[in-house]
Amino acid sequence: MSGSVLVIRLGALGDVVLSSGAFSAIRGAHPDARIVLLTTPPYAELAGAMGFFDEIWLDERPSWWQVGALRRLSRRFRDAGFTRVYDLQTSDRSSGYFRLFGRPKPEWSGIARGCSHPDANPERDRLHTVERQTDQLRMAGIAHVPAPDLSGIVADVAGFGLPPLYALLVPGSSPHRPEKRWPAARFADLAGRLRAHDAAPVLIGGPAEEELLARIASSQRGVINLCGRTSFAQIAALGRGARVAIGNDTGPMHLAATAGAPSVVLFSHASDPALTAPRGRAVQVVHRHALDDLSVDEVAHAVSRVLA
């Protein structure tokens, strides 16, 4: 099918990564189409690096009372001449955008009321993101959806000067979700143990985690701290070359795992791995109600298993 196709995936980081297989399937189903992704600013560069889209549009997320902004967005949708829309966000906001299209409306895959290709599975909210999107695309006529894969992301990481064998440590998480964090002292202990696997510990995280990562780096010799220095594409490239990646349930772990790093991901009661666990070639989930109850020995054992 030629023409213009719109894909909606606004965030968050882990969700964008998990959608990479669906992105690939949509491109495969529309090889000659102009495909536009509507996303939010933090994920535009990463989505562009995936290579599936001809254009990236940034969603300004107008409030429903901002009539002027909604009219501009409606005009942009209608002027683009989209013949099909794949709403992979399937939120109230993205479903609401269905109303901004004029008539005749494009074919629409999602959960918007009155759309042409609804995801009608009543169990959809109990499915992992990957299986839910596979089901949604099947109902829209796309039979095969590959696994999420970021192994083709290209980014320059030579400037970090890392040794050939290294392990990624991801001790952070959203600042407002401290219950998703394994204690920093245990990450520091684990960093010391990684030498048994001949892997230099490399810390990655955002500016909000500067103090946390500095504390871990200062407690062990030989720890490399890349806090605030990596783009999403660079994290994927680092994941592809890593001996192993260990971290909390957070977006950068999705990047590393889906790019190819053997990964150990730590989950607390705050999120359900059955719905949101990273996908990759070798992913080991360790799940405890409270991460304070998870010992370094248990995580080190999981690292040994995933490396085996």
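The values are calculated or read from the model by the stated rules, or taken from the named source; none is laboratory data. On a predicted model such as this, the values are computed, not experimentally measured, just so you know. Cβ sites come from the backbone with ideal geometry, for glycine too, and all protein chains shown count toward neighbours.
Here are a few things to note about the model shown:
- Residue within the range 214-228 that is buried (at least 17 other Cβ atoms within 10 Å of the Cβ), within 16 Å of the chain's Cα centre (by Cα) and under 25 Å from T276 (Cα atoms) present: no
- Residue that is nearest to R193 (Cα to Cα), among those in the range 273-303 that are small (G, A, S) and exposed (fewer than 15 other Cβ atoms within 10 Å of the Cβ): S295
- Matching residues, the range 229-239, being surrounded by 19 or more Cβ atoms within 10 Å (Cβ to Cβ) and either under 14 Å from Y166 (Cα atoms) or among the small types (G, A, S) (or both): A233, I235, A236, A237, L238, G239
- For A22: the one exception among (1) in a helix (DSSP H, G or I); (2) out of contact with any Ser or Thr (no Cβ under 9 Å at 6 or more places or on another chain): (2)
- Restricting the first member to the range 68-90 and to residues that are on the phi > 0 side of the Ramachandran plot, and the second to residues that are crowded, with 18+ Cβ neighbours inside 10 Å, the beta-carbon pairs closer than 8 Å and six or more apart or on different chains are G81/S4; T90/G110; T90/I111; T90/D119; T90/Q136.
- Criterion: hydrophobic (A, V, I, L, M, F, W, C), buried (at least 17 other Cβ atoms within 10 Å of the Cβ) and not assigned by TED's automatic domain parsing to the domain that holds V170 - qualifying residue of A69, A120, A47: A47
- Pairs, first at pLDDT 95 or above in the range 273-292, second among the hydroxyl-bearing types (S, T, Y) and in a loop (DSSP other than H, G, I, E, B), C-beta under 8 Å, six or more apart: H287/S268; R288/S268; H289/S268; A290/S268; L291/S268
Okay, residues lined up against (1) among the small types (G, A, S); (2) in a loop (DSSP other than H, G, I, E, B); (3) under 25 Å from D149 (Cα atoms):
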site	(1), (2), (3)
R215	no, no, no
C227	no, yes, yes
T230	no, yes, yes
Q234	no, no, yes
L238	no, no, yes
P252	no, no, yes
A256	yes, no, yes
E298	no, no, no
H301	no, no, no
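- For K105, the criteria (1) touching a Phe, Trp or Tyr at 6+ places or on another chain (Cβ under 8 Å); (2) without any contact (Cβ under 8 Å) to a residue 24 or more places away in the chain; (3) assigned to a helix (DSSP H, G or I); (4) not polar (S, T, N, Q) hold in every case but one, which is (3).
- Selected residue (criterion: surrounded by the most Cβ atoms within 10 Å (Cβ to Cβ)) from residues of the range 1-23 that are out of contact with any strand residue (DSSP E or B) (no Cβ under 8 Å at 6 or more places or on another chain) and over 25 Å from E60 (Cα atoms): G21
- E211, sole failed condition from (1) surrounded by fewer than 23 Cβ atoms within 10 Å (Cβ to Cβ); (2) part of a helix (DSSP H, G or I); (3) in contact (Cβ under 8 Å) with a residue 12 or more places away in the chain: (3)
- Candidates V130, V145 - the one that is in contact with a Lys or Arg (Cβ under 9 Å, 6 or more places away or on another chain), touching a residue at least 40 places away in the same chain (Cβ under 8 Å) and not assigned by TED's automatic domain parsing to the domain that holds A29: V145
- The number of residues in the range 19-39 that are of a type in the set (V, I, T) and over 22 Å from R279 (Cβ atoms) comes to 2.
- All of (1) polar (S, T, N, Q); (2) surrounded by 12 or more Cβ atoms within 10 Å (Cβ to Cβ); (3) part of a loop (DSSP other than H, G, I, E, B) hold for S63 with one exception: (2).
- Residue count, the range 243-272 (criterion: surrounded by 24 or more Cβ atoms within 10 Å (Cβ to Cβ), among the acidic types (D, E) and either without any contact (Cβ under 8 Å) to a residue 40 or more places away in the chain or not assigned by TED's automatic domain parsing to the domain that holds G228 (or both)): 0
- Residue-level check: of (1) under 22 Å from P146 (Cα atoms); (2) under 23 Å from the mean Cα position of the chain (by Cα); (3) not aromatic (F, W, Y), D32 misses just (2).
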